[in-house]
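Structure first, then comments.
We did not get these values from a lab; they are worked out from the coordinates using the rules stated. It should be emphasised that the depicted structure is a prediction, and the values quoted were computed from it without experimental measurement. Counting neighbours? That spans all protein chains shown, and the Cβs are built from the backbone with ideal geometry, glycine included.
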Amino acid sequence: MVKVIDNCVSKNKQNLIIEYVLTNKFFPWFLLNDITFDKNTKQRRPAFGHLFIQDKKQNSSIAKFIVSILSKYTNKDVIKCRSLLQLPLGSRQKYDTPHIDLPTPHTVYLYYVVDSDGETVLFKNSKIIKKIKPKKGRLLIFDGALLHTAYQPKSSIRCVINFDVEKE
């Protein structure tokens, strides 16, 4: 199952999300040595992250607001929710390390905060089955058992909010 929903929340809410996570100079971003695996010294694609929810527990003052993005799409518990911010690193063409977010059954809801050139890539049996362009207000929903990753952005920031939700 792969589903793409454009304008999953109102334009006003899309702009409010940007205001909270990107233009608020007090929003706490934390350095990740690598976007996919923090200890991956081979890939070395740094990014910034913010953890809203970990193990179903709030870790951020705006967690409830962020989770409200999903209110029309699921009522299942959010296991983990984080935002990832990647800066353009030049002309790297390769995508990041394919991975799954959690070892337990889950559904991924990936919200795109801004338009970007760093496509999300989904795999099945080691083959690319779909590429999704980041678009402000877009929500990508897919089975968490699918390997996935993204291309490193070349010309603009890539900012997503990644929700790992109990399996439907």
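Remark: for residue pairs Lys13/Lys64; Lys11/Lys154; Lys94/Lys130, the C-alpha separation exceeds 19 Å in Lys11/Lys154. Each Lys or Arg adds one and each Asp or Glu takes one away; over the other residues whose Cβ falls under 15 Å from the Cβ of Glu166, this sums to -1.
If you run the Gaussian network model on the chain, springs between alpha carbon atoms under 10 Å, then out of Gly90, Gly137, Gly118 the most flexible one is Gly90.
Here the convex hull built on the C-alpha positions of the stretch 20-168 has a volume of 114 cubic angstrom per residue. Please find, in a Gaussian network model of the chain (springs between Cα atoms separated by less than 10 Å), the residue of Lys56, Lys76, Lys25 whose mean-square fluctuation is greatest. Highest fluctuation of the listed residues: Lys25.
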